[in-house]
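The values are calculated or read from the model by the stated rules, or taken from the named source; none is laboratory data. A quick note: this is a predicted structure, and the numbers were derived from the prediction, not measured. In this analysis, Cβ positions are derived from the backbone assuming ideal geometry, glycine residues included, and neighbour counts consider all displayed protein chains.
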Ligand code: BG6
């Protein structure tokens, strides 16, 4: 059995502790880590927000969050351990003098201070300045932040400049929660631990790759945020591009953060720009209209609470992406993501090339290509679609499409699949930056995305309608059909 490594305990300070991110994700993930005994015994969790409440009221709020959002039962012994770590500090995040209050409780010799910015980005500057002014930060302090890190390259640079004026790059942990997902991490294992894939992972054998991140949910009461953002910036700039880099990168020399970041940046730099000259053939934007999800009627995007009925924000996007490097020359990547689609389904499908000659014409006029299907969520697992002889003693050999099916829940019955936040919050406390984003990666991604946004603006492109509960606008089918291919349905 491998020995469990002992890490230094932390003071995890959650700025915005009473906000949505903290209540829906952080508290739930931290409780999950507590239950699995991954939190160091002396680690403390300090909620910071502007409301005038005391420790016991904060603990009560944490309990309510768990009761509302935990998917399994709350265990009393775990809760007792967990709640003993919680405390609360009132700070108006815009008042720089108030950050002094942290000095009274933080002891950086005993614990590492991990500052989680669970607030809107306009407050990042205040928090950085307040922490700097309090004099509490040391070289071992860390800060954790997550998207939206800006809405374009310029605003992202401004946020990063602000943050690195107080923390150095090594202290900054930028989260993309998809990188904490078990199946996304498994892409590293699949690609770099299995010779059948490492030798076949290139333009010689692969025809094209599809990445789908389909959501059933709409915008869930987040009109203000979402309408300014749109699906391209909310999902594709980060989550889908991160999946793409894991699929397309060269083998890193090792699992160190720098090696992985360097390989990912090379992929982002090799993305062929989408500009006004090719935007129409390479992209499709969609917006959902009223429809049905699992038999229940749901409103259209423009009928959501708080909607501006003139909005042309996209809730769906499909792209053809080309990577201009040796490995992927001539291999298109088709990416699509949308809200209010048929179901929640995230998957990668790798289509291998067709064989040059068919000797089984009795079964198939054209032999169907092999497919590797990676189910990211739900039903986590990996399938390979291949052809097999149907058993029998007929005169002619008959083939049938069959699947090699590796379902995580069957193969790893004893292992619990941890959520993305659980993994990433733990890695931030452990001080392992491998699964976090470097500044350069984010800025490179924005450079590519800005070009698409500008081209859409240039054409005053309006999204194509699609009924909720479908696979998006018909134009998305046409986008891939133009190349003689079809989406995996
Ligand atoms: C978030 C987006 O980053 O990811 C949401 O802001 C989206 O709009 C969510 O619904 C999807 O995450 P998951 O883990 O449910 O696939």
*Scanning for something in contact with a helix residue (DSSP H, G or I) (Cβ under 8 Å, 6 or more places away or on another chain), within 29 Å of residue 315 (Cβ to Cβ) and more than 10 Å from the ligand (Cβ to nearest atom), does the stretch 252-264 turn up at least one residue?*
yes
*Report yes if residue 257 is surrounded by 14 or more Cβ atoms within 10 Å (Cβ to Cβ), at pLDDT below 95 and within 21 Å of the chain's Cα centre (by Cα), otherwise no.*
yes
*asked:* Given (1) in contact with a helix residue (DSSP H, G or I) (Cβ under 9 Å, 6 or more places away or on another chain); (2) part of a loop (DSSP other than H, G, I, E, B); (3) within 20 Å of residue 135 (Cβ to Cβ), identify the lone condition not met by residue 74.
replied: (3)
*asked:* Suppose we filter 11, 52, 42 for residues that are touching a residue at least 12 places away in the same chain (Cβ under 8 Å) and not in a loop (DSSP other than H, G, I, E, B); which single one remains?
replied: 11
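Residues checked against (1) surrounded by fewer than 16 Cβ atoms within 10 Å (Cβ to Cβ); (2) farther than 21 Å from residue 214 by Cβ:
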site	(1), (2)
407	yes, no
422	no, yes
433	no, yes
439	no, yes
442	no, yes
452	no, no
459	yes, yes
468	no, no
471	no, no
*Please state which one of 104, 118, 84 is free of Cβ contacts under 8 Å to residues at least 60 places away in the same chain and closer than 28 Å to residue 32 by Cα.*
84
*Restricting the search to the stretch 37-65, which residues are over 26 Å from residue 127 (Cβ atoms) and over 23 Å from the mean Cα position of the chain (by Cα)?*
37, 41, 63
*Out of curiosity, is residue 188 farther than 16 Å from residue 286 by Cβ, within 16 Å of the ligand (Cβ to nearest atom) and either surrounded by fewer than 18 Cβ atoms within 10 Å (Cβ to Cβ) or in contact (Cβ under 8 Å) with a residue 12 or more places away in the chain (or both)?*
no
*Would you point out the residue of the stretch 210-224, among those that are crowded, with 21+ Cβ neighbours inside 10 Å and assigned to a strand (DSSP E or B), that is farthest from the ligand (Cβ to nearest atom)?*
210
_Anything in the stretch 334-374 that is farther than 22 Å from residue 463 by Cβ and in contact with a helix residue (DSSP H, G or I) (Cβ under 6 Å, 6 or more places away or on another chain)? List them, or say none._
none
_Unique match (being touching a helix residue (DSSP H, G or I) at 6+ places or on another chain (Cβ under 8 Å) and within 16 Å of the ligand (Cβ to nearest atom)) among 135, 150_ = 150
*Among residues belonging to the stretch 304-320 that are assigned to a loop (DSSP other than H, G, I, E, B) and within 15 Å of the ligand (Cβ to nearest atom), point out the one that is surrounded by the most Cβ atoms within 10 Å (Cβ to Cβ).*
315
*asked:* Are there strands (runs of 3 or more DSSP E) fully within the stretch 328-445 with at least 2 residues that are within 16 Å of the chain's Cα centre (by Cα) and in contact (Cβ under 8 Å) with a residue 40 or more places away in the chain? List them.
replied: 333-338, 345-352, 371-377
*Among the candidates 241, 268, which residue alone is assigned to a helix (DSSP H, G or I), away from the ligand (no atom under 16 Å from the Cβ), buried (at least 17 other Cβ atoms within 10 Å of the Cβ) and touching a residue at least 40 places away in the same chain (Cβ under 8 Å)?*
268
*asked:* Being surrounded by fewer than 20 Cβ atoms within 10 Å (Cβ to Cβ), closer than 27 Å to residue 143 by Cα and within 16 Å of the ligand (Cβ to nearest atom): is that true of residue 229 here?
replied: yes
*Set 374, 384, 323: member being surrounded by 13 or more Cβ atoms within 10 Å (Cβ to Cβ), within 16 Å of the ligand (Cβ to nearest atom) and farther than 30 Å from residue 221 by Cβ*: 374
